[in-house]
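Everything below concerns the one structure shown next.
The values are calculated or read from the model by the stated rules, or taken from the named source; none is laboratory data. Here the structure is a predicted model, which is why all the values come from computation and not from measurement. Glycine also receives a Cβ, built like all others from the backbone with ideal geometry; neighbour counts cover every protein chain displayed.
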Amino acid sequence: MAETRETRVLIIGSGPAGYTAGVYASRAMLNPILVQGIEPGGQLTTTTEVENWPGDTEVQGPDLMVRMEAHAKAMGTEIIGDIITDLDLTKRPFTAKGDSGTTYIADAVILATGARAKWLGLPSEEKFKGFGVSACATCDGFFYRGQEIVVIGGGNTAVEEALFLTNFASKVTLVHRRDELRAEKILIDRLMKNPKIEPMWFHELEEVVGTENPLGVEAVRLRHSKTGEITEIPAKGVFVAIGHAPANELVKDVLETHMGGYVVTKPDSTETSIPGVFAAGDLTDHKYRQAVTSAGMGCMAALEAERFLAEQGEGETSLPLGYGAEVANSAAE
């Protein structure tokens with residue numbers, strides 16, 4: 001029998017934004033429910049060394065997300081392993097339906113669904129996905145020990161993937177359509193000093209070439225972006241690292257979006273175009289896209305949800321923004 005769950009705050013997504021929202025909403029005594037989604041922990045679960053999380057000189061991405069989940073749970077967030085497949089924001093209370101059959105009814109919603117890897121859209125790329133073509137070096141790099149592989153892209157993601165893959169591959173070719181990388185300087189410096197990495201400037205992936213039975217990558221055909229000349233180089237693996245797109249499927253036709261689908265929020269706020277609906281993290285952030293900024297927005301979303309509910313007369317008290325969180329903290333001490 002299908003179950004119906006009611007909550008004052010429903011958090012959809014389980015990356016840094018979602019778990020931080022859970023911590024703050026719990027401290028504000030809002031008894032939140034957090035639905036993890038298709039990728040519990042978000043993009044950091046497919047990252048290895050994280051060197052820019054405050055307080056940790058270096059931490060493994062999956063370990064950091066396990067800690068965040070445990071923190072949210074310890075504060076009182078109910079964490080559910082479900083996937084929201086439908087979200088009705090036309091009236092309050094809002095209604096969400098899970099893949100499990102559970103219906104969630106909430107007075108406020110915090111959207112923290114994050115972003116997903118972009119693909120080039122080539123037929124050969126699609127054909128060899130999972131058979132030599134990947135968007136996750138930490139997931140699949142192990143399979144290419146001693147092999148020559150190719151990374152497509154020129155931003156932080158591509159440089160990080162290329163550097164990580166040198167732990168396994170005999171050679172990594174970084175293919176970029178320009179002659180200048182758009183990554184952090186420290187990452188570019190590491191890449192240029194790594195003897196295993198060879199950049200190919202002014203090139204784009206034209207086609208992935210491989211075997212049919214079994215499916216497997218053997219080479220890539222690259223097109224020079226200025227001359228159009230085609231070059232074929234051997235490769236057993238192709239890692240597409242051209243960025244991410246916001247996971248906005250639930251709200252793209254309901255909430256205002258911009259910059260390729262990112263949810264619009266009010267200036268210096270996580271409020272969306274629908275009162276009571278808040279967006280945090282990579283779903284709304286087209287500029288910074290960092291774990292620490294996502295966490296900060298998760299905090300903002302929870303505090304703004306607390307204030308919204310208080311203004312609607314649905315909070316424990318009509319208190320200033322953040323007051324409930326301080327009360328919870330004092331009680332814990």
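Within the option set T272, T231, being buried (at least 16 other Cβ atoms within 10 Å of the Cβ), among the hydroxyl-bearing types (S, T, Y) and either closer than 18 Å to M297 by Cβ or touching a residue at least 24 places away in the same chain (Cβ under 8 Å) (or both) holds for one residue only, T272. Quick one: what pairs do we get from the range 97-109, first residue over 24 Å from S273 (Cα atoms) and without any contact (Cβ under 8 Å) to a residue 40 or more places away in the chain, second of a type outside the set (A, V, I, L, M, F, W, C) and assigned to a strand (DSSP E or B), C-beta under 8 Å, 6+ apart or different chains? Pairs found: D99/T85. Would you confirm whether any residue within the range 254-266 is of a type in the set (D, E, K, R), in contact with a strand residue (DSSP E or B) (Cβ under 6 Å, 6 or more places away or on another chain), under 22 Å from F94 (Cβ atoms) and in the same structural domain as M29 (by TED's automatic domain parsing)? Looking through the range 254-266, none of the residues is of a type in the set (D, E, K, R), in contact with a strand residue (DSSP E or B) (Cβ under 6 Å, 6 or more places away or on another chain), under 22 Å from F94 (Cβ atoms) and in the same structural domain as M29 (by TED's automatic domain parsing). Looking at I274, I230, just one residue is in the same structural domain as L111 (by TED's automatic domain parsing), among the β-branched types (V, I, T) and more than 20 Å from the chain's Cα centre (by Cα), and that residue is I274.
Listed here are the residues, each with its yes/no results for (1) among the charged types (D, E, K, R); (2) buried (at least 18 other Cβ atoms within 10 Å of the Cβ); (3) modelled with pLDDT of 95 or more; (4) assigned to a helix (DSSP H, G or I).
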position: D285; (1), (2), (3), (4): yes, yes, no, no
position: S294; (1), (2), (3), (4): no, yes, yes, yes
position: M297; (1), (2), (3), (4): no, yes, yes, yes
position: L303; (1), (2), (3), (4): no, yes, yes, yes
position: P320; (1), (2), (3), (4): no, no, no, no
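Taking every residue in the range 33-48 that is of a type outside the set (A, V, I, L, M) and pairing it with any residue that is buried (at least 22 other Cβ atoms within 10 Å of the Cβ) and not in a loop (DSSP other than H, G, I, E, B), at least 6 positions away or on another chain, the pairs with Cβ-Cβ distances below 6 Å are G41/M65; T45/M65. Can you name every residue in the range 21-47 that is modelled with pLDDT of 95 or more and in a helix (DSSP H, G or I)? Those that are modelled with pLDDT of 95 or more and in a helix (DSSP H, G or I): A21, G22, V23, Y24, A25, S26, R27.
Looking only at the range 112-147, filter to residues that are assigned to a loop (DSSP other than H, G, I, E, B) and of a type in the set (A, V, I, L, M, F, W, C); which one of those is modelled with the lowest pLDDT? Top of the filtered list is C136. When N248, N213 are checked against the criterion of being crowded, with 16+ Cβ neighbours inside 10 Å and outside any strand (DSSP E or B), a single residue qualifies: N248.
Can you find a residue in the range 19-35 that is over 24 Å from E306 (Cα atoms) and either among the β-branched types (V, I, T) or touching a strand residue (DSSP E or B) at 6+ places or on another chain (Cβ under 6 Å) (or both)? No: zero hits. Inside the range 255-283, residues that are touching a helix residue (DSSP H, G or I) at 6+ places or on another chain (Cβ under 7 Å) and part of a helix (DSSP H, G or I) make up a count of 2. Across the range 48-73, the qualifying residues are those that are closer than 15 Å to V292 by Cα and of a type in the set (G, A, S), and the one among them that is modelled with the highest pLDDT is G55.
Take E206 and decide whether it is of a type outside the set (S, T, N, Q), under 26 Å from E126 (Cβ atoms) and not in a loop (DSSP other than H, G, I, E, B). In short, yes.
Within the range 171-183, at least one residue is more than 24 Å from the chain's Cα centre (by Cα), among the hydroxyl-bearing types (S, T, Y) and crowded, with 16+ Cβ neighbours inside 10 Å.
Of the residues in the range 162-170, not one is in a loop (DSSP other than H, G, I, E, B), on the phi > 0 side of the Ramachandran plot and either outside the structural domain of T45 (by TED's automatic domain parsing) or over 22 Å from the mean Cα position of the chain (by Cα) (or both).
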